[in-house]
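Okay, so here's the structure we're looking at.
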Amino acid sequence: MSAKAKIDPLAEVASRYAVAITSAMEALIDPTSPNDPIAAQFQPDARELETALDELSDPIGDDAHTPVKGVVHRYPDRALLKLVHVCPVYCRFCFRREMVGPDGDGTLTGAELEAALSYIESQPSIWEVILTGGDPFLLSARRVREITARLAAIAHVKIIRWHTRIPAVDPMRVTPDLVEALRVEGATTYVVLHTNHVHELTDQARAAIARIVDSGVPMLSQTVLLRDVNDDVDTLEALMRALVEARVKPYYLHHLDKAPGTSHFRCTIERGQELAQALHERASGLAQPAYVLDIPGGHGKAPLAAQAVRETDDGYEVRDRDGVWRAYKE
């Protein structure tokens with residue numbers, strides 16, 4: 001290649017970060033729209049090559065809280081178990097983008113999984129285990145059943161939480177066998193769906209969600225606030241209402257983590273607070289996720305919603321749904 005030859009920037013993105021999209025998501029993309037919310041999430045963008053000075057390869061500090069491979073133990077009562085490091089789709093804003101993908105950290109070996117489970121068993125404070133990765137719903141139903149049973153056999157583990165995008169992005173993978181594998185005697189299972197735009201909740205996605213919920217497994221959701229994807233109240237409201245209608249309780253609205261090459265997706269905290277307040281004013285409490293930030297460096301989550309109470313000389317004032325401060329005395 002001559003010195004003047006140019007490298008295709010999208011090819012360079014693909015060489016640096018994993019790229020994949022399912023047929024279910026690809027079918028939703030409007031090729032005539034320059035701001036399609038599905039394309040923005042999954043199709044590579046040359047702006048990913050721009051790394052801001054404050055962006056980090058491990059933006060939420062997983063490594064600092066990893067006692068054994070595959071386990072992140074940041075909070076006393078819960079731990080992450082990262083079983084796999086591959087996904088059916090790769091979000092262009094992923095905070096683990098330098099760890100996931102075909103060339104990422106890989107699936108835990110048998111010995112590594114045994115070490116991870118032994119660590120969890122040795123920590124009686126761990127009440128909840130969160131299965132993440134990668135997307136753990138890529139595992140076979142047999143493996144899901146085995147891991148669920150192993151965790152439920154640990155006396156102090158009472159909650160097993162699976163984090164996944166698959167019910168939305170690859171809904172046919174949510175088979176009756178997989179759903180049955182999630183349930184186990186001795187522990188309660190939750191499924192948390194990552195979804196960022198109402199377009200993702202197709203009829204097939206809603207049917208996959210129904211298979212899970214109808215089995216008795218409750219579902220929550222988490223959404224990332226993304227500029228030019230969902231950073232307006234109409235879009236957020238439509239998504240949250242659709243989730244509640246599908247029997248999924250909105251759980252978190254995440255302020256975007258500072259992963260490399262993601263600054264074009266980032267909103268300001270002020271904008272996020274405005275949207276959270278506007279959503280509060282317009283929608284039922286069932287449709288309200290908690291707006292949170294994972295503090296860089298591994299210091300945990302911080303709530304970001306604007307303050308609704310303030311102290312006065314003779315008591316307090318609380319802000320109503322219209323933004324008016326009302327006196328309140330104890």
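The values are calculated or read from the model by the stated rules, or taken from the named source; none is laboratory data. It should be emphasised that the depicted structure is a prediction, and the values quoted were computed from it without experimental measurement. Every residue, glycine as well, gets a Cβ built from its backbone with ideal geometry; the counts of neighbours run over all protein chains shown. Side chains included, ligands, DNA and RNA excluded: accessible areas come from the protein's heavy atoms. Shrake-Rupley method; radii C 1.70, N 1.55, O 1.52, S 1.80 Å.
Quick check on the chain: helices-only [θ] at 222 nm, where DSSP H runs of length 4 and up contribute -39,500 (n - 2.57) each and the sum goes over total residues. Nearest 500, please.
On the way: 10 runs with 93 residues, N = 330.
Using -39500 (n - 2.57) per qualifying helix, the result is -8000 deg cm²/dmol.
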For the stretch 213-256, state which trypsin sites (Lys or Arg not before Pro) are in a DSSP loop and have at most 15 other beta carbons lying within 10 Å of their beta carbon. 247
With every protein chain in place, the accessible area of residue 311 for a 1.4 Å probe, in Å² rounded to the nearest 10, comes to 140
Global form of the stretch 9-328, assessed from the alpha-carbon gyration tensor, a/c cut-off 1.5: rounded
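With a cut-off of at most 12 other beta carbons within 10 Å, and DSSP calling the residue loop, which trypsin sites (Lys or Arg not before Pro) in the stretch 272-328 qualify? Please list them.
Sparse-neighbourhood loop trypsin sites (Lys or Arg not before Pro): 321.
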Which value, in Å² and to the nearest 10, is the accessible area of residue 87 when all protein chains are kept and the probe is 1.4 Å? 40
Just want to confirm a number: the relative contact order over the stretch 9-328, from Cα pairs under 8 angstrom separated by 6+ residues, in percent. 17
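Once a ≥ b ≥ c are taken as the square roots of the eigenvalues of the Cα gyration tensor of the stretch 1-84, is the result rounded (a/c under 1.5), prolate (a/b larger than b/c) or oblate (a/b not larger than b/c)?
oblate
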For the stretch 8-35 and the stretch 44-123, what is the centre-to-centre distance using only Cα atoms, to the nearest Å? 23
Round to the nearest 10 and report in Å² the accessible area of residue 280, as given by a 1.4 Å probe over the protein chains' heavy atoms. 100
Roll a 1.4 Å probe over the protein chains and send me the accessible area per residue for the chain in Å². 47
Taking placed amide H atoms and a strict 5 Å upper bound, the residues 5 or more places from residue 190 or on another chain that come that close are 160, 161, 162
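Protein chains only, probe 1.4 Å: how do 51, 223 rank by accessible area, largest first?
So, going from the largest accessible area down, we get 51, 223.
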Percent of Cα-Cα pairs more than 19 Å apart in the stretch 220-330, please. 50
For the stretch 29-183, rounded, prolate or oblate, judged on the Cα gyration tensor with a ≥ b ≥ c (square roots of eigenvalues), a/c < 1.5 rounded, else prolate if a/b > b/c? oblate
Leaving ligands and nucleic acids out of the surface, order 226, 56 by accessible area at 1.4 Å, largest first. 56, 226
Ordering 165, 78 by how much accessible area each has at a 1.4 Å probe, largest first, what is the list? 78, 165
Using θ = phi - 60° and the Karplus curve 6.51 cos²θ - 1.76 cosθ + 1.60, what whole-Hz ³J(HN,Hα) does each residue of the stretch 150-159 get, with Gly and Pro shown as x? 4, 5, 5, 6, 7, 4, 8, 8, 10, 10
Could you tell me, in Å, what Rg and Dmax come out for the Cα atoms of the stretch 279-330? 14.4, 40
For the stretch 280-315 and the stretch 144-174, what is the centre-to-centre distance using only Cα atoms, to the nearest Å? 29
